[in-house]
Amino acid sequence: MSEDLRLTDESIEQTIAGSVVYPPGGTYGPLRYREIQLVLLHSGSMEVEVDGAAYKVHPGQLLLLLPEENVYIAFDRSGKSRHRWITLSLREYEADLQHQLHAMPRTIPISEPMNRLVDLSVMQRQTDLPEYRSVANALGLAAIRLYAAESARNDALIANPVIGKVKSFIHEHYAIPLSMKEIADHANVSASHLVRLFKQAEQTTPIQYLWDYRVEHSLVLLRTTGLSVGEIAEQCGFKSRYHYSRSVKRYTGKSASEIRALHWQSR
């Protein structure tokens with residue numbers, strides 16, 4: 001979903017998060033939902049019926065439930081089912097937001113960022129003080145926005161699984177020397193085939209994507225840390241300080257020193 005989600009802090013009346021274990025054969029509902037809810041299943045299983053449509057949810061999956069939906073859940077008959085959830089009560093459920101939410105997939109895999117975000121939300125629930133409620137709402141908003149972003153990312157990975165695999169590999173290993181052959185070998189394709197795929201999907205090559213990613217990450221360090229230019233160059237996979245400086249100048253039109261000075265002047 002490229003369109004910005006039409007949901008703000010002001011739209012949210014209350015956010016609640018928690019964790020629960022259902023016994024074998026447990027059920028929930030039928031119930032007409034009034035909130036947005038994300039359900040993270042960690043063990044067991046769920047057979048979910050939403051407005052007559054059936055979904056099977058497995059451990060490691062994240063389920064989206066929406067206002068005005070009729071929901072019934074049957075939990076695993078052979079063992080306990082543990083899940084965590086985060087629920088957002090809205091002040092208004094406007095048509096544009098309804099359209100955006102209903103365009104999202106019903107389930108996606110649970111990512112590590114989502115796991116951590118829900119961890120924070122559950123811990124936040126233990127501090128139920130008025131001054132913390134705005135923090136709870138901000139976490140709830142972040143969770144829904146993350147779901148939207150990850151839904152779009154999953155669509156892209158389904159369309160181009162090799163591209164997604166290569167990007168993840170680059171994001172994890174950009175700080176060390178990488179050759180075109182190493183990148184292609186990781187994706188189990190030939191270098192020439194990978195270049196064609198990248199040009200079609202990203203309008204660039206894998207090696208250029210790698211260098212662009214290194215520069216972008218280095219700019220974050222340049223603006224937010226006290227590391228020297230040489231240290232940043234080394235941490236981001238550049239061959240030398242000189243090589244890094246040339247790359248930044250070509251990418252931004254400014255020197256590394258100018259970018260850092262401008263950032264600190266604006267603070």
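The values are calculated or read from the model by the stated rules, or taken from the named source; none is laboratory data. Owing to the predicted nature of the structure, the values given are computational and were not obtained by experimental measurement. Here Cβ is always computed from backbone atoms with ideal geometry, including for glycine, and neighbour counts include all displayed protein chains.
Taking segment 166-179 as the range and being under 24 Å from the mean Cα position of the chain (by Cα) and either outside the structural domain of Arg250 (by TED's automatic domain parsing) or crowded, with 16+ Cβ neighbours inside 10 Å (or both) as the test, the residues that pass are Val166, Lys167, Phe169, Ile170, Tyr174.
Comparison of Glu182, Glu231, Glu258 shows that the only residue that is within 27 Å of Lys165 (Cβ to Cβ) and in the same structural domain as Lys165 (by TED's automatic domain parsing) is Glu182. Mind listing whichever residues of segment 78-96 are charged (D, E, K, R) and touching a strand residue (DSSP E or B) at 6+ places or on another chain (Cβ under 7 Å)? Across segment 78-96, the qualifying residues are Lys80, Arg82, Arg84, Arg91. Per this entry, Tyr244 is counted among residues that are assigned by TED's automatic domain parsing to the domain that holds Glu172, touching a Cys at 6+ places or on another chain (Cβ under 8 Å) and surrounded by 14 or more Cβ atoms within 10 Å (Cβ to Cβ). Tell me, please, whether a residue that is without any contact (Cβ under 8 Å) to a residue 12 or more places away in the chain, under 26 Å from the mean Cα position of the chain (by Cα) and under 17 Å from Gly140 (Cβ atoms) can be found in segment 106-118. Yes: segment 106-118 contains one or more residues that are without any contact (Cβ under 8 Å) to a residue 12 or more places away in the chain, under 26 Å from the mean Cα position of the chain (by Cα) and under 17 Å from Gly140 (Cβ atoms).
Per the conditions (1) at positive phi; (2) under 19 Å from the mean Cα position of the chain (by Cα), the sole criterion not satisfied by Gly52 is (2).
Restricted to segment 202-241, and to residues there that are crowded, with 19+ Cβ neighbours inside 10 Å and in contact (Cβ under 8 Å) with a residue 60 or more places away in the chain, the residue that is farthest from the chain's Cα centre (by Cα) is Gly237.
Taken over segment 49-80, the criterion of being within 16 Å of Pro109 (Cα to Cα) and either at pLDDT 95 or above or touching a Leu at 6+ places or on another chain (Cβ under 8 Å) (or both) is satisfied by Tyr55, Val57, His58, Pro59, Gly60, Gln61, Leu62, Leu63, Leu64, Leu65. Filtering His83, His99 for residues that are under 27 Å from Thr8 (Cα atoms) and either modelled with pLDDT of 90 or more or aromatic (Phe, Trp, Tyr) (or both) leaves a single hit, His83.
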